[in-house]
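One structure is given below, encoded as structure tokens.
The values are calculated or read from the model by the stated rules, or taken from the named source; none is laboratory data. As the structure is a prediction and not an experimental result, all values here were calculated from the model. Positions of Cβ are backbone-derived with ideal geometry, glycine not excepted, and every protein chain shown enters the neighbour counts.
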Amino acid sequence: MKNRLLIIFGVALLLLVIGLMIKDAVQKPGIDTNPYEYSLDNFTEIGISELCYSNTKTIEVPIETLRGIARDKQDRVYVCGKDKVLIFDPYLEKIEEFEISGEARNIHITEADLVLLGMYDHIEILDLKGKPAATWESYNERSVITSIASDDHYSYVADAGNKIDLQYEYNG
């Protein structure tokens with residue numbers, strides 16, 4: 001009796017599996033749909049209730065390609081991009097602007113009031129008035145500088161081209 005029940009149960013289970021396989025084989029997925037399509041259409045509109053902040057002020061930044069933003073210890077805001085660096089006071093009024101050679105991709109202000117600009121493959125160091133102080137050459141020809149941070153003694157540079165983080169003393 002037990003064996004007979006097990007055989008009936010096994011045959012029923014086998015028929016169920018075969019039925020599901022036939023259903024999958026016969027059922028054609030929609031040709032026009034791609035289940036793996038990458039789309040951000042659902043995220044283009046954001047409701048006000050979903051925001052965790054409110055805009056206090058919008059500033060116009062006259063830089064062709066805006067790339068980086070940083071803040072110094074006096075809460076001044078520095079923005080960089082193609083061929084220039086702009087400095088805004090804590091109330092976001094422009095107080096200074098200086099030209100640079102090339103496109104700065106990121107910016108960092110050290111505790112020693114040095115402006116570190118991450119160019120494509122090297123670091124340029126300026127004082128707060130835009131006067132060049134030094135240049136740290138690239139690690140190698142594959143270097144792509146993506147981020148800069150610092151503490152009292154060292155600067156840390158993320159190099160995406162070589163997939164490494166570099167630690168520099170302030171003399172380079």
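Residue count for segment 89-119, restricted to those that are buried (at least 17 other Cβ atoms within 10 Å of the Cβ) and closer than 16 Å to Arg67 by Cα: 13.
The single condition from (1) closer than 20 Å to Ile125 by Cβ; (2) outside any loop (DSSP other than H, G, I, E, B) that Gln74 fails is (2).
Restricting attention to segment 1-55 and to residues that are of a type in the set (S, T, N, Q) and assigned to a loop (DSSP other than H, G, I, E, B), the residue that is farthest from Tyr91 (Cα to Cα) turns out to be Gln27. Condition (residue is in contact (Cβ under 8 Å) with a residue 60 or more places away in the chain and out of contact with any Pro (no Cβ under 8 Å at 6 or more places or on another chain)) applied to segment 105-113: is it met by at least one residue? Taking every residue of segment 105-113 in turn, at least one turns out to be in contact (Cβ under 8 Å) with a residue 60 or more places away in the chain and out of contact with any Pro (no Cβ under 8 Å at 6 or more places or on another chain). Selection within segment 129-152: residues that are at pLDDT 85 or above and touching a strand residue (DSSP E or B) at 6+ places or on another chain (Cβ under 7 Å). The member of this set that is surrounded by the most Cβ atoms within 10 Å (Cβ to Cβ) is Ile145. Does Lys73 satisfy the criteria of being closer than 23 Å to Ile107 by Cβ, of a type in the set (Lys, Arg) and surrounded by 10 or more Cβ atoms within 10 Å (Cβ to Cβ)? Taking the combined requirement at face value, the residue does not satisfy it. Taking segment 150-167 only, how many residues are out of contact with any Ser or Thr (no Cβ under 7 Å at 6 or more places or on another chain) and of a type outside the set (S, T, N, Q)? Residues meeting the conditions: 9.
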